[in-house]
1. Going by C-beta contacts inside 10 Å, put TYR6, TYR113 in order with the fewest on the left.
2. Once fully extended, how much extra length lies between ALA130 and LYS83, figured as 0.36 nm per residue of separation less the alpha-carbon to alpha-carbon distance?
3. For ALA137 paired with ARG166, estimate the spin-label separation in nm (one decimal), with each label point 7 Å from Cα along the Cα-to-Cβ line.
4. Stretched out fully, how many nm does the piece from LEU50 to ALA148 gain, at 0.36 nm a residue minus the Cα gap?
5. Over the chain, what is the relative contact order in percent, taking alpha-carbon pairs closer than 8 angstrom and at least six residues apart?
6. Using the crude model of +1 on Lys and Arg Cβ and -1 on Asp and Glu Cβ, and no other charge, please compute the dipole size for the chain relative to its Cα centre, in debye to 20.
7. For HIS84, HIS19, what's the fewest-to-most ordering of other Cβ within 10 Å of each Cβ?
8. Calculate for the chain the 222 nm mean residue ellipticity that helices alone would give, adding -39,500 (n - 2.57) per DSSP H run of length 4 or more and normalising by residue count, nearest 500 deg cm²/dmol.
Amino acid sequence: MKTVTYYLSPMSPWSYFGHPRIVALARRYGAQLVPRPIDLGRVFPASGGLPLAQRPQQRQAYRLHELRRWREFNDVPLNLHPKHFPVPSDAAACTIIAAGRVAGSERALEVAYALMRCVWVEERDISDPATLAAVAAAHGVDGAALAAQAQAARAEFDANTDDAIRDRVFGVPWYVVDGEPFWGQDRLDFVERALAR
C-alpha cells in the first residue's frame with residue numbers, strides 16, 4: 001500500500017479544490033492518505049512566501065482569475081471574497097487533527113473538507129469554537145473527546161509544520177508519494193501517475 005502525505009490548510013482554496021480528488025485517488029489506488037494540517041504562517045517565512053495581503057497587486061488580481069477558472073473547471077461553488085477570510089486557522093487545523101486522533105483519518109478528511117466548505121461556500125467562521133464544535137458533531141466526533149485531544153493535537157500541528165519546513169514545503173495542498181513532492185491541486189494528474197506505478 002502506498003502512502004500519500006497530504007499537507008493542507010483548511011483556509012486554502014486550493015486545498016478545497018483538490019480535496020475531493022485526492023481522496024478519490026487514494027481510494028481508487030488503495031493508498032493510505034495521511035492528512036497533515038500545517039501552519040502557513042510559519043511555512044511562508046521559511047520558504048520565501050508571502051501572506052496574500054502582502055503579495056503584489058498583480059499577483060492578487062491573477063489569483064482571482066485562477067479561482068474563477070478552477071471554480072468553473074471543477075464545477076463547484078466558491079465565494080471569491082468569503083466573509084470570514086482570512087481568519088486564524090490554527091484551531092480548525094487542530095480540530096482536524098483531533099478528529100483523526102479520535103475517529104481515524106477518514107473522519108479527519110471529512111472534517112477537513114467540511115471546514116474548507118465553511119470558508120469557501122457557507123460563509124462560516126472557522127476561527128469560532130462553536131462552528132468547529134458544530135462541524136465536528138455533524139461528522140460524529142464528540143466535543144468532549146476533541147477537547148481531551150486538544151494538547152496532543154496542538155503538538156502534532158506544530159510537528160506537522162516542522163516536518164513541512166524540513167520537507168521544503170512552500171504551499172498547500174502539497175502531496176508526497178514515495179518521497180516525491182507535488183505542489184498544488186493542478187499536479188494531481190502527476191500524483192495519479194505516481195500512485196499507478
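A short reminder: the numbers here are calculations on the coordinates, not readings from a lab. These numbers were taken from a predicted model, which means no experiment stands behind them. Heads up, the Cβs are rebuilt from the backbone with ideal geometry, glycines too, and the neighbour counts pull from every protein chain shown.
1. Ranking TYR6, TYR113 by Cβ neighbours within 10 Å, fewest first, gives TYR113, TYR6.
2. Roughly 15.2 nm would be gained on extension.
3. Distance between label points: 3.9 nm.
4. Length difference between fully extended and current span is 31.9 nm.
5. 34 percent
6. 440 debye
7. Ascending number of Cβ neighbours within 10 Å: HIS84, HIS19.
8. -18000 deg cm²/dmol
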